[in-house]
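**Q** Pasting a structure below so you can have a look.
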Ligand SMILES: [Cu+2]
């Protein structure tokens, strides 16, 4: 059909100018693009915020980074322990990954005896202190998974701190029960009901 149209055009205008040819090619590309889009999206690690950054933040130590994976592409929770050996507080302001389209900083709070998750703008790790996300009620809420993420994999997430510093962290993906030697209990108590929670 495209070939026929092209022939038609060629016949109608024997003197097809380079400009007209270019316009035709652009139109052709546009017509073909939608079909190519899903595959391109699935394979593409490019999200505006996920430019790989392997910078390390001075004085920061990362331990026990893991993700509670849930089936059916339900939102997953990311947990880790951050130690700030520096003299200034570190302010975690966002996180990004090629594996998830959206990552938000969440805290589980109790309200009228019910626990619910609230979005927080930042998480502070005071100078010379350790913050265990699970124990403190924090988690990274990972939504809109891109591509294959399943238990046994590692997912790289970049933590962005105030002042432009970034730290890439590899999170171990674990099954819904956590199977986590240390974080299991805390993680379990902070996540039930998660899929029903409004965001
Ligand atoms: Cu959450």
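The values are calculated or read from the model by the stated rules, or taken from the named source; none is laboratory data. Source: prediction; values computed, not measured. Note that each Cβ is placed from the backbone with ideal geometry, even for glycine, and that neighbours are counted across all protein chains shown.
Condition check ((1) surrounded by fewer than 20 Cβ atoms within 10 Å (Cβ to Cβ); (2) at negative phi) across all residues:
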site: 88; (1), (2): yes, yes
site: 99; (1), (2): no, yes
site: 111; (1), (2): yes, yes
site: 141; (1), (2): no, yes
site: 148; (1), (2): yes, yes
site: 152; (1), (2): yes, no
site: 156; (1), (2): yes, yes
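Residue-by-condition table, conditions (1) at pLDDT 95 or above; (2) assigned to a strand (DSSP E or B); (3) within 24 Å of residue 56 (Cα to Cα); (4) in contact with a helix residue (DSSP H, G or I) (Cβ under 9 Å, 6 or more places away or on another chain):
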position	(1), (2), (3), (4)
118	yes, yes, no, no
124	yes, yes, yes, no
130	yes, yes, yes, no
141	yes, yes, yes, yes
147	no, no, no, yes
159	yes, yes, yes, no
164	no, no, yes, no
169	yes, yes, yes, no
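**Q** Which condition number does residue 119 fail, the rest of (1) within 11 Å of the ligand (Cβ to nearest atom); (2) surrounded by 14 or more Cβ atoms within 10 Å (Cβ to Cβ) being met?
**A** Only one criterion in (1) within 11 Å of the ligand (Cβ to nearest atom); (2) surrounded by 14 or more Cβ atoms within 10 Å (Cβ to Cβ) is unmet by residue 119, namely (2).
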